[in-house]
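Working notes, structure below.
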Amino acid sequence: MSHFSTVKTKLANHECLIFALTDLNLSPQVYETPQSLKGYYGGSQGQSAEIIVSGRTIQARADIGFKWNQSNGVYDVIHDSYETVPKLGKDFFSNKLMLAYGKHLVRVKAAELQEQFGECAIAEETNGSVQTLRLTFAGHQEVKQFARR
């Protein structure tokens, strides 16, 4: 049976989430206040979100929403797995989206650290299923590595 489910995430950075969705060609629509989601049967089932990926984007009948959870300080994902899993894959949110989000988050953190450590070079390496972003700061001899497994 088709219905919306809410999934808790660790997605807290608004800009990184939007950039990640854009990188994945999902054309997110961003609103200041939550807007109703379109479900499989046309209604919203009472669900709304500030960031919406139209179901048409993935050739599905239900939207994907990212709703800000004020109490947790993160976005919750609202989606219909009967629609999203066949179109995006069962590991889309836990793998593909988190990887794209993580890349942007590392770049934001690197930009913040540039003031303290000087110019930053970012090298990206992929070895099988492990992707590594290596940050090297000009004013600092230590190399920091952040790996997403």
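The values are calculated or read from the model by the stated rules, or taken from the named source; none is laboratory data. This one's a predicted model, so the numbers in the text were calculated from it and none came from an experiment. Reconstructed Cβ throughout: ideal geometry from the backbone, glycine too, with neighbour counts over all protein chains shown. Heavy atoms of the whole protein, side chains included, go into the accessibility calculation; ligands, DNA and RNA do not. Shrake-Rupley method; radii C 1.70, N 1.55, O 1.52, S 1.80 Å.
What is the percent of Cα-Cα separations in the range 12-137 that go past 17 Å?
Result: 62 percent of Cα pairs exceed 17 Å.
Roughly how many nanometres apart are two label points built 7 Å out from the Cα toward the Cβ at SER71 and LYS8?
In this crude label model, SER71 to LYS8 measures out at 1.0 nm.
Going 7 Å from the Cα of SER54 in the Cα-to-Cβ direction, what parts of the range 63-89 have a backbone nitrogen less than 15 Å from that spot?
Label zone hits: 63-65.
Can you list residues from other chains, or at least 5 along the same chain, whose modelled amide H is less than 5 Å from the amide H of HIS3?
Amide H to amide H, under 5 Å and 5 or more residues apart or across chains, HIS3 pairs with SER81, TYR82.
Give the relative contact order (percent, whole number) for the chain; include only Cα pairs under 8 Å separated by 6+ residues.
20 percent
Can you find, among GLY43, ILE64, ALA20, the residue sitting farthest towards the positive end of the charge dipole of the range 1-74, where Lys and Arg contribute +1 and Asp and Glu -1 at Cβ?
GLY43
For the chain, what are the DSSP H helices with axial Cα length of 18 Å or more and mean Kyte-Doolittle hydropathy of at least -0.5?
Flagged H segments are 98-117.
Find the accessible area per residue for the range 11-149; the probe is 1.4 Å, ligands and nucleic acids are left out, and the unit is Å².
Each residue of the range 11-149 exposes 58 Å² on average to a 1.4 Å probe.
Determine the gain in length on full extension of the stretch VAL85-GLU124; use 0.36 nm per residue of separation and subtract their C-alpha separation, reporting nm with one decimal.
Full extension of this stretch gives 11.2 nm more.
Using the structure shown, select from LYS67/LYS109; LYS10/LYS90; LYS8/LYS109; LYS10/LYS38; LYS10/LYS96; LYS10/LYS87 the pairs with a Cα to Cα distance greater than 20 angstrom.
LYS67/LYS109; LYS8/LYS109; LYS10/LYS38; LYS10/LYS87
Give, as a single signed number, the net charge of other residues whose beta carbon lies under 15 Å from the beta carbon of ARG56, with Lys and Arg counted +1 and Asp and Glu -1.
Spelling it out: positives minus negatives among the neighbours equals 0.
Work from the charge dipole of the range 1-132 (Cβ charges, +1 for Lys and Arg, -1 for Asp and Glu, about the Cα centre) and give the residue of SER5, SER54, ALA123 farthest towards its positive end.
Farthest towards the positive pole: SER5.
Only Lys, Arg, Asp and Glu count, each charged at its Cβ (+1, +1, -1, -1), so figure out the dipole size of the chain about its Cα centre, rounded to 20 debye.
Charge dipole, the chain, about its Cα centre: 460 debye, nearest 20.
If the chain between ASN25 and ALA138 were fully stretched, how many nm would it gain, using 0.36 nm times the residue separation less the Cα-Cα distance?
Length difference between fully extended and current span is 37.3 nm.
Residue by residue through the range 123-137, what is 3J(HN,Hα) from phi via Karplus (6.51 cos²θ - 1.76 cosθ + 1.60, θ = phi - 60°)? Round to whole Hz and write x for glycine and proline.
For the range 123-137, the Karplus-derived couplings read 10, 10, 10, 10, 10, x, 9, 9, 10, 10, 10, 9, 9, 10, 9 Hz, x marking Gly and Pro.
Projecting each Cα onto the charge dipole of the chain (Lys/Arg +1, Asp/Glu -1 at the beta carbon, about the Cα centre), which of PHE137, PRO86, ALA100 comes out farthest on the positive side?
It is PRO86.
Hey, any idea what % of the range 1-58's accessible area is carbon plus sulfur with a 1.4 Å probe?
C and S atoms contribute 51 percent here.
For the chain, what does -39500 (n - 2.57) per DSSP helix run (n ≥ 4), summed and divided by total residues, give at 222 nm, in deg cm²/dmol to the nearest 500?
Only helices count here, giving -8000 deg cm²/dmol.
Mean separation of Cα pairs under 8 Å and 6+ residues apart, divided by the residue count of the range 20-67: what relative contact order is that in percent?
Computed value for the range 20-67: 35 percent relative contact order.
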